[in-house]
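Colleague: Structure below; questions to follow.
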Ligand code: ZN
């Protein structure tokens, strides 16, 4: 059955290396609840495997990820299929409480877990990586991008102050982060490399091999040393206030959701959806249709 086709593939291309492949290319690897839990399970599997030292996160299809699947309508029913991995389990509470709990589990919770995995992670990014897509590559230790990759943040157009895991000011200079957020314009692969957000840029045809070569180089290092040095760098960034700042941004993110619920009856400004995320879906996919009649003048 199509429903049971896994969204996430788990491969072991060579000793010491696991490759997790997002395989929902027909929806630009948009993330719904099942997608994220399958991805989290794959990360856990690689983290628990003694012989895995480096984990590659790759994507099948034209785009790395279009972000959250805004067409998912039965969040809570889907959520019930999976055991939570964080203490936040109040998803059925009314209003902001339930919405915030769910996002603490699926977004900030998962991102923190993946960022802190005791193995080295490398994202291989091609095509579009939009908003929630950043929550997949940014928690990784290294990023290899193909020359057609584009990194974009479109949440402001939806009335929201950035995606749930607000790493922007740590991934790039704060002034560039503001430009990315305020304009919603994409950052190309080469510029992303120049500002330090991406490690290497390679031709599209070479992405898989170049990522594997980098993984192989790191897999040769002593695994306890790679784990310790990862913790040292992550600890330095956390000492600068990353985690505390993210908590503030997450609260503001939910103020945006609550405001949109009051004004539009939807968790985001519907005016921003058509202009951005929906068009990255493959032809033939039915994009989200906002009830235009509910949108008042700004
Ligand atoms: Zn949100």
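The values are calculated or read from the model by the stated rules, or taken from the named source; none is laboratory data. Everything quoted here is computed from the prediction, not taken from an experiment. No Cβ is skipped: glycine too gets one built from the backbone with ideal geometry, and neighbour counts run over all protein chains shown.
Colleague: Quick one: would you say residue 64 is closer than 29 Å to residue 151 by Cβ, modelled with pLDDT of 90 or more and either surrounded by fewer than 22 Cβ atoms within 10 Å (Cβ to Cβ) or away from the ligand (no atom under 16 Å from the Cβ) (or both)? First the steps, then the outcome.
Modeller: Values: closer than 29 Å to residue 151 by Cβ: yes; modelled with pLDDT of 90 or more: yes; either surrounded by fewer than 22 Cβ atoms within 10 Å (Cβ to Cβ) or away from the ligand (no atom under 16 Å from the Cβ) (or both): yes.
For residue 64, the condition - closer than 29 Å to residue 151 by Cβ, modelled with pLDDT of 90 or more and either surrounded by fewer than 22 Cβ atoms within 10 Å (Cβ to Cβ) or away from the ligand (no atom under 16 Å from the Cβ) (or both) - is met.
Colleague: For segment 200-223, name all the residues that are within 23 Å of the chain's Cα centre (by Cα) and crowded, with 16+ Cβ neighbours inside 10 Å.
Modeller: Selection gives 200, 201, 202, 207, 208, 210, 211, 212, 214, 215.
Colleague: Please go through segment 39-60 and give me each residue that is in a helix (DSSP H, G or I), free of Cβ contacts under 8 Å to residues at least 60 places away in the same chain and surrounded by fewer than 22 Cβ atoms within 10 Å (Cβ to Cβ), ordered by number. Step through it out loud before you land on a result.
Modeller: Keep residues of segment 39-60 that are in a helix (DSSP H, G or I), which gives 39-48.
Retained after the next criterion (residues that are free of Cβ contacts under 8 Å to residues at least 60 places away in the same chain): 41-42, 44-45, 48.
Selection gives 41, 44, 45, 48.
Colleague: I'm checking my understanding of the structure. Among residues of segment 82-130 that are more than 13 Å from the chain's Cα centre (by Cα), over 30 Å from residue 51 (Cβ atoms) and more than 15 Å from the ligand (Cβ to nearest atom), which one is surrounded by the most Cβ atoms within 10 Å (Cβ to Cβ)?
Modeller: Ranking the candidates gives 127 first.
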